[in-house]
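**Student:** Input: one structure, supplied below.
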Amino acid sequence: MSIQSDLISLKEKLPQGVTLVAVSKTKSVEEIMQAYNTGHRIFGENKIQEMVSKWEAMPKDIAWHMIGHVQRNKVKYMAEFVSLIHAVDSLKLLKEINKQAKKHERIISCLLQIKIAEEDSKFGMAAADAISLLESEAIASLENVRIVGLMGMATFTDDTDQLNKEFARLKALYDQLEKSYDFTFLSMGMSGDYEIALKHGSTMIRVGSAIFGERNYD
Ligand SMILES: *Cc1c(COP(=O)(O)O)cnc(C)c1O
């Protein structure tokens, strides 16, 4: 199968209103252009430097999503163009994104990353911390960022019960917060688990290897 046919058949399967982020990390500009040439415009990267070089080299109508952990000192490199930052996990990071967005007179959309995996993952906020962050006065003063939803990564497992439990938990939090905040995106689901994530109401899936094939390194 080719990148193009895998991408097209995946998109045909998706329910209406679900956004596909084609995760192109480690893939070459040539490979990404194959996907681009099917009309796809949303790509996800997990390293800021790599995303910046691809942004420089590629057509400017691509929406670049930062899906990986973000170091505060690197926000400045992507502030000019990044379309959505998926893994915001602290007020400190949000303040830096706000500061850099302001320099470019932009409002940068962000998702809060929630820790849903039972495995001991390093990143993501506890639900209670996300709620206090959203309710904090500090956040209200950040005029150049907009929190448009939540993101989560499930445990890397074949255990369907486990995945169901983790996605259901994130969806419940999303539903609770959606009533008070202007949320549009629930980013959950990757190559191995997006079908389960969709059953739980994901509105944005991040799929890499099912489109581009296995990665040689991560
Ligand atoms: C790499 C990555 C993905 C895509 O993973 P695949 O299993 O290749 O689909 C999704 N989300 C994040 C945060 C990633 O780092």
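**Student:** Picking from Ile131, Ile116, Ile85, which residue would you name as being among the β-branched types (Val, Ile, Thr) and closer than 23 Å to Gln16 by Cα?
**Tutor:** Criteria check complete, one pass: Ile85.
**Student:** Shifting gears a bit: Among the residues of segment 7-15, is there at least one that is assigned to a helix (DSSP H, G or I) and within 13 Å of the ligand (Cβ to nearest atom)?
**Tutor:** yes
**Student:** Residues that are in contact (Cβ under 8 Å) with a residue 12 or more places away in the chain and small (Gly, Ala, Ser): list the helices (runs of 4 or more DSSP H) wholly contained in segment 113-218 that include at least 2 such residues.
**Tutor:** Here the list reads 127-135, 209-212.
**Student:** I'm told Glu195 meets every condition in (1) surrounded by fewer than 23 Cβ atoms within 10 Å (Cβ to Cβ); (2) among the acidic types (Asp, Glu); (3) away from the ligand (no atom under 13 Å from the Cβ) except one. Can you identify the failing condition by its number?
**Tutor:** So Glu195 meets the others, but not (3).
**Student:** Do we have Met204 as touching a His at 6+ places or on another chain (Cβ under 6 Å) and within 26 Å of Glu45 (Cβ to Cβ) here?
**Tutor:** Considered against the rule, which asks whether it is touching a His at 6+ places or on another chain (Cβ under 6 Å) and within 26 Å of Glu45 (Cβ to Cβ), Met204 comes out as no.
**Student:** Quick one: how many residues across segment 198-218 are modelled with pLDDT of 95 or more and either buried (at least 18 other Cβ atoms within 10 Å of the Cβ) or within 8 Å of the ligand (Cβ to nearest atom) (or both)?
**Tutor:** 13
**Student:** Could you please let me know if Ser28 is surrounded by 19 or more Cβ atoms within 10 Å (Cβ to Cβ) and of a type in the set (Ser, Thr, Tyr)?
**Tutor:** The answer is no for Ser28.
**Student:** Taking Asp175, is it surrounded by fewer than 16 Cβ atoms within 10 Å (Cβ to Cβ), at pLDDT below 95 and in contact with a Gly (Cβ under 9 Å, 6 or more places away or on another chain)?
**Tutor:** For Asp175, the condition - surrounded by fewer than 16 Cβ atoms within 10 Å (Cβ to Cβ), at pLDDT below 95 and in contact with a Gly (Cβ under 9 Å, 6 or more places away or on another chain) - is not met.
**Student:** In this structure, is Lys165 within 17 Å of Gly124 (Cβ to Cβ), surrounded by fewer than 20 Cβ atoms within 10 Å (Cβ to Cβ), among the charged types (D, E, K, R) and modelled with pLDDT of 95 or more?
**Tutor:** yes
**Student:** Please pick out the residue among Arg169, Arg146 that is within 15 Å of the chain's Cα centre (by Cα) and charged (D, E, K, R).
**Tutor:** Checking each option against the conditions leaves just Arg146.
**Student:** Residue under question is Trp55, and the condition is that it be assigned to a helix (DSSP H, G or I) and either surrounded by 15 or more Cβ atoms within 10 Å (Cβ to Cβ) or more than 13 Å from the ligand (Cβ to nearest atom) (or both); does it hold?
**Tutor:** yes
**Student:** Only residues in segment 12-24 that are without any contact (Cβ under 8 Å) to a residue 24 or more places away in the chain count as the first member; pair them with residues that are within 15 Å of the ligand (Cβ to nearest atom) and of a type in the set (Ser, Thr, Tyr), Cβ under 8 angstrom, at least 6 apart or cross-chain, and list the lot.
**Tutor:** Partner pairs satisfying both residue conditions: none exist.
**Student:** What number of residues in segment 80-95 are within 16 Å of the ligand (Cβ to nearest atom) and either assigned to a loop (DSSP other than H, G, I, E, B) or in contact with a Lys or Arg (Cβ under 8 Å, 6 or more places away or on another chain) (or both)?
**Tutor:** Final tally of qualifying residues: 5.
**Student:** Out of (1) closer than 24 Å to Thr184 by Cα; (2) in a helix (DSSP H, G or I); (3) β-branched (Val, Ile, Thr), the odd one out for Ile32 is which?
**Tutor:** (1) is the only condition that Ile32 fails.
The values are calculated or read from the model by the stated rules, or taken from the named source; none is laboratory data. This is a predicted model, so every value here is computed, not measured. Please note: Cβ atoms are built from the backbone with ideal geometry, for glycine as well, and neighbour counts cover all protein chains shown.
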